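The values are calculated or read from the model by the stated rules, or taken from the named source; none is laboratory data. Quick caveat, the model's predicted, so the values are computed rather than measured. Please note: Cβ atoms are built from the backbone with ideal geometry, for glycine as well, and neighbour counts cover all protein chains shown. Remember, those area values only see protein heavy atoms, side chains included, never the ligands or the DNA or RNA. Shrake-Rupley method; radii C 1.70, N 1.55, O 1.52, S 1.80 Å.
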Amino acid sequence: DPDSPAWIDLRVGSVTLPHRGGLKGITSVDGSSIFGVGDDGAVLRFTPTGTWLFKPPSPARAVFPLSGGTLLVLGGSGRVSRMWRMRPPATKILDSLTLPETVTGAGAGAPVADRVYVATSNPSLLGVRARRLTSTRSIAFDHIISDIVATPSGDRFYVITDSSNRMSVVDQYQDRVSRTIELTGRPRDLRVDPFGRFLLVRAAKGDEVWVVGIGTDQVVGTIHSVWRGDVPFVAPDGAIAVSDGRDLAFLDPATFHETRRASGGASDFWYPFLWNGFRARASALDRPVQFPSDSPATAPPPAPPKRDSGVAPAAPTQRVDSSRIGFTVSFAAVLSESVARDQAAKIVVEGHQARVVTGTTSGVTVYRVVLGPYATRDEAERERMIGIERAHA
């Protein structure tokens, strides 16, 4: 359901639905705190620790979460529009702003930027400074604004209208249109690459998608794909994923040639992301378990002879080649001596009975069931396999 948020925990493989029912404007900055607007105009925030609810003075239309925990709420009724600044989980309104023009609903902000833009009915684009909650001058357009997206850094905003083949680039530092990009048709939707490399522009008719290089603000190519909530998208490695019949194809962004294909992938839902694996563990948990050897690994050095005793100093002991000591096979390490001896009684290989060796690890007595030593690793491995088979017989 596109109107219901969900958490997917990759560490344990769980899926959690924090809310069932219709929500508008679902958005998140960090993937953990999810914001949305209910049918009654209330603002909801879902986190793994609980749900936060805020009912503004008038029904909310959209929410703009920013980095650092600040939240801007756009609301109002009729021709009156207001914006409130708050910091969840507190429900206190820290500041409010009455917007001078009627807001139509379209808007965009970047989490790390200080600027949010909303579309008005003039038609124009109205900027709001998030930190001071003040409005900037309006940026006039010739047609009704249909979509706005921001680059990840928030330095530029891309704007399309419902009756033009041009896409405008708004510079938030200058509060003006810095340049326009000519398209070969009328655009309908925008989708920005989370890493700020490309912008995907959906054509109003057909399955054409124009790829715009954000670094150059130029159309670098045209691809064809069904436009869905997940596809097309730009993968973390820069490849552009498009639907191709029942499959999903990945295109090289430089040549637009296919690099790989997921057979039957068009029937799946895709969400690209970067994951650094499991959470970091304490270093002590990753230390390998060490058991005492059958005999001391090194002998204490002989005491030096007394001076003038007439005894010649002993010749230095020749180093022992550890590779010639042999290999010991360990079948089990348990905390019960009786269990260890029962295991050893079951293991007899070529007339050799497994034995129990007692040791101490971190102050705990451990009983090991072992065979050997053997001259080579291969011989030890062969005997180990035979012993395992007989132990489970």
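Descriptive notes on the structure:
- Check on SER77, in contact (Cβ under 8 Å) with a residue 12 or more places away in the chain, open to solvent by less than 20 Å² (accessible area, probe 1.4 Å), on the phi < 0 side of the Ramachandran plot and not β-branched (Val, Ile, Thr): no
- VAL37 among the β-branched types (Val, Ile, Thr), open to solvent by less than 50 Å² (accessible area, probe 1.4 Å), within 20 Å of LEU126 (Cα to Cα) and modelled with pLDDT under 95: no
- Residues of the stretch 7-29 that are closer than 16 Å to TYR271 by Cα and at pLDDT 80 or above: ILE8, VAL15, ILE26, THR27, SER28, VAL29.
- Unmet requirement for LEU53, which otherwise passes all of (1) loosely packed, with under 14 Cβ neighbours inside 10 Å; (2) hydrophobic (A, V, I, L, M, F, W, C); (3) touching a residue at least 12 places away in the same chain (Cβ under 8 Å): (3)
- Members of the stretch 11-34 found to be assigned to a strand (DSSP E or B), over 12 Å from ALA60 (Cα atoms), open to solvent by 20 Å² or more (accessible area, probe 1.4 Å) and not polar (S, T, N, Q), listed by number: VAL15, ILE26
- The residue of the stretch 152-168 that is nearest to VAL118 (Cα to Cα), among those that are surrounded by fewer than 19 Cβ atoms within 10 Å (Cβ to Cβ) and in contact with a Phe, Trp or Tyr (Cβ under 8 Å, 6 or more places away or on another chain), is ASP155.
- For the stretch 228-242, filtered to residues that are out of contact with any Leu (no Cβ under 9 Å at 6 or more places or on another chain) and touching a residue at least 40 places away in the same chain (Cβ under 8 Å), the residue that is farthest from ALA203 (Cα to Cα) is GLY238.
- Of the residues making up the stretch 98-142, just one is open to solvent by 60 Å² or more (accessible area, probe 1.4 Å), farther than 22 Å from THR70 by Cβ and within 37 Å of the chain's Cα centre (by Cα), namely THR104.
- Residues in the stretch 108-125 that are at pLDDT below 85 and either aliphatic (A, V, I, L, M) or within 15 Å of ASP175 (Cα to Cα) (or both): ALA110, VAL112, ALA113, ASP114.
- The set of residues in the stretch 341-372 being on the phi < 0 side of the Ramachandran plot, open to solvent by 80 Å² or more (accessible area, probe 1.4 Å) and either of a type in the set (Asp, Glu) or outside any loop (DSSP other than H, G, I, E, B) (or both) consists of ARG341, ASP342, HIS352, GLN353, ARG355, THR358, THR360.
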